[in-house]
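Enquirer: Input: one structure, supplied below.
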Amino acid sequence: MTSSLQHAFRPRSSTAPAVVANQLIKHFGDLEVLKGVSLDVPEGTVTSIIGASGSGKSTLLRCMNLLERPDQGELAIADEAIRFDRNPQGDIIGLDRRQLQRLRAKVTMVFQQFNLWPHLTVLGNVIEAPMRVKKLSRKRATALGEHYLERVGMADRRDAYPAFLSGGQQQRVAIARALAMEPRLLLFDEPTSALDPERVNEVLGVIRGLADEGRTMLLVTHEMHFAREVSDQLVYLDQGQIACSGTPEDVFADPRCRQFMAPAA
Amino acid sequence: MTSMTPEGLIDWAGPILSGALTTVQIAVLAYAIGLLLGLLGAGAKLSPWAPLRGLATAYSTLIRAVPELLLILLLYYAGAQALDALLAYLGMTGAVQITGFATAVGVLAFVQGAYMTEVFRGAILAIPSGQLEAADAFGFSRWARFHRIVLPGMLPNALPGMSNLWLILIKDTALISVIGFNELFFTIQQAAASSRAYFLFYAAAGVIYLLMTLSSTALFARLERYVRRGQPTEA
C-alpha cells in the first residue's frame with residue numbers, strides 16, 4: 001500500500017482508482033459550490049477538470065486532499081475510505097486528523113501560487129516533507145530530492161532560495177516537492193495561471209512528461225489545448241455540477257459539450 | 001573622603017560589575033521565559049477555542065494596560081509571599097536572596113510575555129496562508145508545521161518587535177531596584193548616595209546600560225540577517 005522508494009517510477013498494474021469521490025456537496029455560507037459531484041481518477045491516468053471561473057473546479061480539487069472539507073458525500077483516497085464524523089443528518093462535521101495526515105502523504109499538491117517555503121532552499125523545500133512526514137533520513141531524502149530536481153531541470157539551483165527564482169522555476173521546484181513524496185496521486189491547481197506567458201511552456205512541458213510516464217494526476221486548468229492533449233478524462237464543471245465528462249475525443253465530439261466549452265476555450 | 005574622585009568608582013567597581021551581571025542574568029532569563037509565554041499566548045489568542053482566546057486576551061490586555069512599576073510592586077509582594085511560603089514548606093531557609101531574584105525574573109517575564117503575545121500574534125498572521133496550506137497538504141503534524149514552517153516563517157516579522165522588547169526589558173530591570181534587589185541600578189544608587197558622586201555613578205550606569213544595549217542590538221541585527229536569508233535585500 002505504501003509507495004516504495006524507487007527512483008524510477010513504475011506505473012501500477014492495478015486499475016483501482018487512486019481517488020473516488022461520491023456525491024460531494026460543499027457550501028460556502030449560503031452558496032452551494034459543489035452540488036453532488038462524483039469523480040474517480042483511475043490509476044495511471046490523467047484527469048483534467050475544466051470550466052469557467054467560479055464553477056467549483058478548484059474546490060473539487062481541494063476536496064481530494066481535504067484542504068476543503070465537503071459537507072456531504074463520500075471519499076476514498078488510495079483505496080481507503082475517509083472516516084468522516086457525521087451528525088445524525090449525515091452532514092460531515094469532522095475528520096480523523098491522523099488518517100488525514102497519513103493519506104495526504106499519498107496525495108500531494110502543486111498550487112497556483114507555488115507556496116514554496118521561503119526560508120528553505122530549493123533542496124530544503126523538496127526534502128522537508130519526506131523527512132518530516134515520511135520520516136526518511138536526510139541522506140535518503142536528499143537522494144530522492146536530487147533525483148526529482150533533476151527530473152524538473154532544477155538540480156543546478158538546489159542551493160538557491162525560492163525568492164531568487166522565476167515563477168516558472170519556482171513551480172518546477174514545487175512539482176519536484178510534490179513528486180519527492182512519491183504519491184499515488186498528484187493534484188495540480190491551475191499550475192500555470194500565476195506565470196508570465198513565456199514561462200507557461202516550461203511548466204506544461206514538465207507536466208506533459210509526467211503524464212507520459214503514466215503518473216496518476218488530477219489537474220485544474222484553463223489551458224484547454226493542453227488538457228485535451230494530455231488527459232485521459234476531461235470533466236467539464238458548470239455551476240457546481242459535472243456538465244460533461246469523458247475522453248477528450250468524446251467530449252469535443254459531443255455538440256452539447258462543445259457548446260459548454262466554447263466560452264471557456 | 002575619596003568620593004569626588006575616580007577612586008570612588010574603583011572602590012565600587014566590584015559591586016557594580018556584580019550588579020551588572022545580575023541585571024544581565026535577570027534580563028536573559030526573563031526574556032527566555034517571556035518568549036515562551038509569548039508563544040503560548042499567541043497560540044492561545046489564535047486558537048479556535050474561545051475560552052483559551054479569552055484567557056490570553058485578558059492576560060495581554062491587563063498586563064499591558066498597567067504601569068510596569070506598579071505590577072512589579074504588586075507581583076513582588078504577592079509573589080514573594082507565595083515563594084516564601086513554598087520555600088518554608090519545603091524546609092529551605094535563608095532563601096531571601098533566591099526569592100528576590102526569582103521574583104524579579106518572574107515579574108519581568110510575565111510582563112514581557114504579554115507584549116510578546118502581541119508581537120508573535122501579528123507575526124504569525126503575517127505569514128502568507130499558502131505556506132501553511134502547503135504544510136497541511138503534505139500531511140505535516142501540528143508540531144512539524146509549527147516548528148518547521150510557522151516559527152521560521154514568522155521570525156522575520158517578529159524580530160524587530162522582539163529586539164525592541166529586549167531593549168525595553170534591559171531598562172526595565174532598573175525598576176527592580178524598588179524592591180531593594182541588588183541589580184545594577186540599585187547598586188549604583190547606593191554607591192552614588194554613599195559617595196555623593198551622583199553624576200559620576202549615574203553616568204557610569206548610563207555607559208554600562210549603553211554597552212549592554214548596543215552589543216545586543218548588533219546581535220539582533222545578525223540574527224535578523226540570518227532569518228531573512230531567503231529574502232532578496234530591498235533596493
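Enquirer: Mind checking which of B:Leu151, B:Leu169, B:Leu132 has the largest fluctuation in a GNM of chain B, springs on alpha carbons under 10 Å?
Expert: In the Gaussian network model the winner is B:Leu132.
Enquirer: Got a number for carbon plus sulfur as a percent of the protein assembly as shown's accessible area, 1.4 Å probe?
Expert: On the way: 13830 of 23550 Å².
The value for the protein assembly as shown is 59 percent carbon and sulfur by accessible area.
Enquirer: Compute a Gaussian network model of chain B, connecting alpha carbons closer than 10 Å, and tell me which residue from B:Tyr89, B:Tyr209, B:Tyr115 fluctuates the most.
Expert: Per the Cα network of chain B with a 10 Å cutoff, B:Tyr89 tops the list.
Enquirer: Let me ask you something else. Tell me, what is the 1.4 Å probe accessible area of B:Tyr31, in Å² to the nearest 10?
Expert: 20 Å²
Enquirer: Follow-up. Against the 2.2 N^0.38 Å scaling, with N counting residues, where does chain A land? I'd like the Cα-based Rg ratio to two decimal places. Could you put the intermediate results ahead of the total?
Expert: Working: Rg = 18.2 Å, N = 265, 2.2 N^0.38 = 18.3 Å.
Taking N as the residue count of chain A, the ratio is 0.99.
Enquirer: Right, here's the next one. Quick one, what does Rg over Rh come out to for the range B:28-182 if you take C-alpha atoms and the Kirkwood Rh?
Expert: Values: Rg = 18.0 Å, Rh = 17.0 Å.
That ratio equals 1.06.
Enquirer: Let me ask you something else. Note down the accessible area of B:Ser141, probe 1.4 Å, to the nearest 10 Å².
Expert: The accessible area of B:Ser141 comes to roughly 40 Å².
Enquirer: When you take every Cα atom in the protein assembly as shown, what is the radius of gyration, and what is Dmax, the widest Cα pair distance, in Å?
Expert: Using the Cα atoms of the protein assembly as shown, the pair Rg, Dmax is 30.3, 109 Å.
Enquirer: HN-Hα J couplings of the range A:67-82 from phi, Karplus 6.51/-1.76/1.60, θ = phi - 60°, integer Hz, Gly and Pro as x?
Expert: 5, 10, 8, x, 8, 8, x, 10, 8, 10, 10, 6, 6, 10, 6, 6
Enquirer: Given R₀ = 45 Å, what would the calculated FRET efficiency be for B:Leu46 paired with B:Asp84, taking r from the Cβ atoms and rounding to 0.05?
Expert: 0.75
Enquirer: Follow-up question, since we're still on this one. Of the trypsin sites (Lys or Arg not before Pro) in the range A:29-95, which ones lie in a loop per DSSP and count no more than 13 other C-beta atoms within 10 Å?
Expert: Working: sites: A:Lys35, A:Lys57, A:Arg62, A:Arg83, A:Arg86; in loops: A:Arg83.
The qualifying sites are A:Arg83.
Enquirer: Work out from phi, with θ = phi - 60° and the Karplus expression 6.51 cos²θ - 1.76 cosθ + 1.60, the ³J(HN,Hα) of each residue of the range A:226-239, listed in order in whole Hz, and give x for Gly and Pro.
Expert: Values, residue by residue: 4, 4, 5, 6, 8, 8, 8, 9, 10, 10, 9, 9, 9, 6 Hz.
Enquirer: With contacts defined as alpha carbon pairs under 8 Å and 6 or more residues apart, what's the relative contact order of the range B:28-182 in percent?
Expert: Details: 146 pairs, mean separation 53.3, N = 155.
Contact order relative to length: 34 percent.
Enquirer: Could you state the principal axis extents of the C-alpha atoms in the range A:116-241, from the largest down, to the nearest angstrom?
Expert: 44, 30, 27
Enquirer: Still on this structure: What helices does chain B have that are whole DSSP H segments, at least 27 Å long along their own axis by Cα, and with mean Kyte-Doolittle hydropathy of -0.5 or more?
Expert: Working: long enough: B:6-45 (54 Å, 1.21); B:68-89 (30 Å, 1.50); B:96-125 (43 Å, 1.23); B:151-172 (29 Å, 0.71); B:198-227 (43 Å, 1.13).
Span-like helices in chain B: B:6-45, B:68-89, B:96-125, B:151-172, B:198-227.
Enquirer: Of B:Leu36, B:Leu167, A:Leu234, which has the most accessible area and how do the rest follow, probe 1.4 Å? Provide the component values of the computation, followed by the final result.
Expert: Details: B:Leu36 110, B:Leu167 45, A:Leu234 0 Å².
Descending accessible area places them as B:Leu36, B:Leu167, A:Leu234.
Enquirer: When DSSP beta bridges are limited to those with both residues in the protein assembly as shown, what percentage is antiparallel, rounded to the nearest 5?
Expert: On the way: 24 of 40 bridges.
Among the beta bridges of the protein assembly as shown, antiparallel pairing accounts for roughly 60 percent.
Enquirer: Per residue, how large is the accessible surface of the range B:70-173? Use a 1.4 angstrom probe and give square angstrom.
Expert: On the way: 4600 Å² over 104 residues.
Dividing the accessible area of the range B:70-173 by its residue count gives 44 Å².
Enquirer: OK, next. How many percent of Cα pairs in the range A:195-265 exceed 16 Å? Show your work: numbers first, answer last.
Expert: Details: 1258 of 2485 pairs.
Here the long-distance tail beyond 16 Å is 51 percent of all Cα pairs in the range A:195-265.
Enquirer: Just to be sure I understand: with springs between alpha-carbon atoms less than 10 Å apart, which residue in A:Glu249, A:Glu74, A:Glu190 has the highest mean-square fluctuation in the Gaussian network model of chain A?
Expert: A:Glu249
Enquirer: Could you put A:Lys134, B:Lys171 in order of accessible surface area, largest first, with the 1.4 Å probe and the full protein assembly present?
Expert: Highest to lowest solvent-accessible surface, that is B:Lys171, A:Lys134.
Enquirer: Right, another one. What net charge is computed for the residues neighbouring B:Phe110, neighbours being all others with C-beta under 13 Å from the C-beta of B:Phe110, Lys and Arg scored +1, Asp and Glu -1?
Expert: On the way: positive: B:Arg64; negative: B:Glu68, B:Asp172.
With Lys, Arg at +1 and Asp, Glu at -1, the neighbours total -1.
Enquirer: Let me ask another. Within chain A, which cysteines find no other Cys whose Cβ is under 4.7 angstrom from their own?
Expert: So far as the 4.7 Å Cβ criterion goes, A:Cys63 stand without a partner in chain A.
Enquirer: Using Cα-Cα distances under 8 Å and only pairs 6 or more residues apart, what relative contact order does chain A have, in percent?
Expert: Details: 497 pairs, mean separation 68.2, N = 265.
Contact order relative to length: 26 percent.
Enquirer: Would you rank A:Thr192, A:Thr121 by solvent-accessible area, highest first, keeping every protein chain in place and using a 1.4 Å probe? Don't skip to the end; give the middle numbers.
Expert: Values: A:Thr192 10, A:Thr121 35 Å².
Per-residue accessible area, sorted high to low, gives A:Thr121, A:Thr192.
Enquirer: Using R₀ = 45 Å, calculate the FRET efficiency as 1/(1 + (r/R₀)^6) where r is the Cβ-Cβ separation of A:Leu95 and B:Arg228; round to 0.05.
Expert: Values: r = 36 Å, r/R0 = 0.80.
FRET efficiency, A:Leu95 to B:Arg228: 0.80.
Enquirer: With every protein chain left in place, what is the accessible area of B:Ser47 in Å² (1.4 Å probe, nearest 10)?
Expert: 20 Å²
The values are calculated or read from the model by the stated rules, or taken from the named source; none is laboratory data. These figures come from a predicted structure and were not determined experimentally. With ideal geometry, Cβ positions are generated from the backbone for all residues, glycine too; neighbour counts draw on all protein chains shown. The protein model used for the area step is the full one, side chains on, heavy atoms only, and it has no ligands, DNA or RNA in it. Shrake-Rupley method; radii C 1.70, N 1.55, O 1.52, S 1.80 Å.
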